[in-house]
Every structure is written in C-alpha cells, then in structure tokens.
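Trainee: After the structure tokens below, expect a handful of questions from me.
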Amino acid sequence: MRIVLKDGVVLPFNVLVSAVLRSDSVPVPLTLEFQVLLNAEIEPHLKESEIVFIGETYIEMKIIKANIQRTGIVRDGKRVVIGAFIAVLNGCEQLIKPLAKAIALENTSIGAALKASGTKLLIAEDVPLMRYFCPFGQTPTYEIARKCAEEAAVINSDSEGKITVRRLSALMQSTEPKIKLDATSVSWKNNSTGLLHEVPSYITINKDGSTVEGEISAGKIASYYPNLDARRLRNLSTALVCKGVIQRALSTELMAGDLIEVDSTRYYVLTAAHRIDTGALGGAKVTATKLWIAQVEKL
C-alpha cells in the first residue's frame, strides 16, 4: 500500500509509522488513517484539506483531520514529530458536515441524493429513490443510510474511486468471485439472538389510517416506521448479515463490494481493512488484511 503526496513523493517506510485503509459499505465508502514521522519536507503536504493518493490507480483521499504531536523524543539530534491523519475519499467530505440548507428531492435516485448533498464523485451505478429529504443542520450520511435501508441498497467505491449503488438482491450475481477459499480460512459468526435485536420487523399505518402494513412475528422486535408502503417495509427487513471474519496476508486488491467464494458458497465483502505497521518507531512489523463477509438475508 503506497501513500503518495501531491508532489509525487511516495512516503517511505522509514517515515510511515502505520496505515489502515478501510473500504466499507457506507455513504463514505473509503477512509485512510495513518501516522507519519514528520520532517520539514513532508509536513507542509500533510495538513487538513490536502490530498494524498493511494493504490495503483492513485485514488484521491482528502485529509479531514490532522493531529501533530511534537514529542520529547530526540533522534539523530532532532526532536521526533509524529502526525496522525484521517482522510476520506475526495469528494465525499461534504457528506459528513451538517447541511447549510435543507435538501428535498422527489422521484430521484440515491446517486442524485449523494450529489445534492455535496459529493463530487462519478456515480457508476445507481438505484431509484422515491423521496429524499435532509433538514437544515443534519448530517447527510445518516439520512442517505436510511434511504439505502428503505430501498434495500448498498453503497461502495470501486477500484477507481467511483461510487456504485446496488440493490441487495443483485449483489451475489453482480460479478465473479475475486478469490476462492476453504472454510478453515474463516472465523465464523453465529449469533441468532443478537440478530433478532439488530434487525427488527417494521410496521406502519396505511394511508386510510386503519390498515397496519407489515408483519409482526413472535419472538422478534418490532418497530414503527411512518409513511412507508409495503415494498419499502419489506426492504427494511432485508439486510447484509455478517457471517464471518477472514484474516490473511495483505491483499489490497480486495475491497468492500467484492465477492469471494468459500466452499462453493458466495459471500459479499462487507468491510475490508488493510493494515501496515512499518516498525519505524521500533515496534513489530505488520502487513495484514481483515475481511468481514456477509450474505443477504430476509429476516
């Protein structure tokens, strides 16, 4: 995993302390957290709102948080300065800021809602949306995530930094699996009790004011969700359920949204975290990838 500054300089491993590149299935689908030993040449390029590039396709990441710590450690006659940074996919930074004005859209799409909320990225795939409203002072990511739940859709970033929005029903047939693994490679999760609490059944009142839409099952949590039709109620109870975790050697080509095959069964990569610890401060060296794999379930 390379981190390239805007002047084309690659951060060397004797300067880079650690880095975690996280690809996720959320409105801001790509984040980077890294620590660097700063010097006079590098520090001006690592400030809030500066751009760094990652990967073979040089995906742009914008620094949204910078914390500079001037330590009491002296090395080679110079004080050690450590910078800790958080960067997000460039073009998504407005999604995590409260809105300066309300947004209301009708007969639109999730991609259009992302654009209206401030993202500047190309939308490669999209899903229709009946209505989108985000009030003044609210953070768009929360409202967009709710709309994804209503439409049973998920947001990812591809290897070029483009946004893809896909329905859950189409995920398992969208592409060929990136890798094939044995079941012993997975630390499996099985917590049916927790699942009952995480994904409730939803009910609402129909337009006539008397008919209750939705199903209530014994032994499951139910929640009220206003102003929805039966289709979107069913979508709310369709979810990506994490089935297991995979830890393997660094595999930065794997991203959230990819498919993998385990013993002839397909799984969706819900989250992919790639970690590098260089040992620049004397600690152990680590290069690893952790994948959370999921399947679509109607609960």
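The values are calculated or read from the model by the stated rules, or taken from the named source; none is laboratory data. The structure displayed is predicted, hence computed values, not measured ones. Here Cβ is always computed from backbone atoms with ideal geometry, including for glycine, and neighbour counts include all displayed protein chains. Remember, those area values only see protein heavy atoms, side chains included, never the ligands or the DNA or RNA. Shrake-Rupley method; radii C 1.70, N 1.55, O 1.52, S 1.80 Å.
Trainee: Going by average Cβ density within 10 Å per residue, which order do the peptides 11-19, 235-243 take, highest to lowest?
Mentor: 235-243, 11-19
Trainee: Need the full-extension length gain, TRP188 to LYS65, defined as separation in residues times 0.36 nm minus the C-alpha distance. One decimal, nm. List each step's numbers first, then the result.
Mentor: On the way: separation 123, 0.36 × 123 = 44.28 nm, distance 3.49 nm.
Answer, rounded to one decimal: 40.8 nm.
Trainee: In Å², what does the accessible area per residue of the chain work out to with a 1.4 Å probe?
Mentor: That works out to 51 Å² per residue.
Trainee: Still on this model: When the chain is fully extended, how far beyond the present Cα-Cα distance does LYS120 get from ASN107, taking 0.36 nm per residue of separation? Display every interim value, and only then the final one.
Mentor: On the way: separation 13, 0.36 × 13 = 4.68 nm, distance 2.08 nm.
Net length gain for the segment: 2.6 nm.
Trainee: In nm, give the distance between the simple-model label positions of SER159 and ARG79, each being 7 Å from the Cα along the Cα-to-Cβ direction.
Mentor: 4.5
Trainee: Moving on. If eta is 1.306 mPa s and T is 10 °C, what Stokes-Einstein diffusion coefficient results for the chain, Kirkwood Rh from Cα pairs, in µm²/s? Display every interim value, and only then the final one.
Mentor: On the way: Rh = 21.2 Å.
After rounding, the answer is 75 µm²/s.
Trainee: Another question, if that's okay. For region 240-287, which whole percent of the accessible surface, found with a 1.4 angstrom probe, sits on carbon and sulfur atoms?
Mentor: On the way: 870 of 1990 Å².
Carbon and sulfur together cover 43 percent of it.
Trainee: Run the Debye formula on the Cα coordinates of region 1-149, all scatterers equal and no solvent, and tell me log10 I(q)/I(0) at q = 0.17 1/Å.
Mentor: Evaluating at q = 0.17 Å⁻¹ gives log10 I(q)/I(0) of -0.94.
Trainee: Could you work out the helix-only [θ] at 222 nm for the chain, with each DSSP H run of four or more residues adding -39,500 (n - 2.57) and the total divided by the number of residues, to the nearest 500 deg cm²/dmol?
Mentor: Values: 4 runs with 32 residues, N = 299.
That comes out to -3000 deg cm²/dmol.
Trainee: Roll a 1.4 angstrom probe over the protein heavy atoms and tell me the percent of accessible area of region 9-61 that is carbon or sulfur. Walk me through the intermediate numbers first.
Mentor: On the way: 1270 of 2330 Å².
On region 9-61, the fraction of accessible area on carbon and sulfur atoms equals 55 percent.
Trainee: For region 1-80, would you read off the P(r) tail past 19 Å as a percentage of all alpha carbon pairs? Don't skip to the answer; put the middle values down first.
Mentor: Values: 1201 of 3160 pairs.
That tail contains 38 percent of the Cα-Cα pairs.
Trainee: Using the per-residue mean of other Cβ atoms lying within 10 Å as a proxy for protection, in what order, highest first, do the peptides 277-285, 85-93, 162-170 fall? Walk me through the numbers before you get to the answer.
Mentor: Numbers: 277-285: 12.8, 85-93: 21.1, 162-170: 18.8.
Answer by packing, highest mean first, reads 85-93, 162-170, 277-285.
Trainee: Give the carbon-plus-sulfur fraction of the accessible surface of region 77-163 in %, rounded to a whole number; probe 1.4 Å, heavy atoms of protein chains only. Provide the component values of the computation, followed by the final result.
Mentor: Numbers: 2200 of 3970 Å².
Looking at region 77-163 in its full context, I get 55 percent from C and S.
Trainee: Could you give the semi-axes, largest first, of the ellipsoid that matches region 92-194, computed as the square roots of 5 times the alpha carbon gyration tensor eigenvalues and rounded to whole Å?
Mentor: Details: eigenvalues 178, 55, 39 Å².
Output for region 92-194: semi-axes of 30, 17, 14 Å.
Trainee: Continuing with the same structure: Within straight cross-link reach of LYS65, meaning Cα distance under 13 Å, which aspartates and glutamates are found once same-chain residues fewer than 8 apart are removed?
Mentor: Counting by Cα, and skipping residues close in sequence, LYS65 has these aspartates and glutamates nearby: GLU33, GLU48, GLU50, GLU93.
Trainee: Among THR164, LEU38, TYR132, flag the residue with its Cα farthest along the positive direction of the charge dipole of the chain, charges on Cβ as +1 for Lys/Arg and -1 for Asp/Glu.
Mentor: Towards the positive end, the residue furthest out is LEU38.
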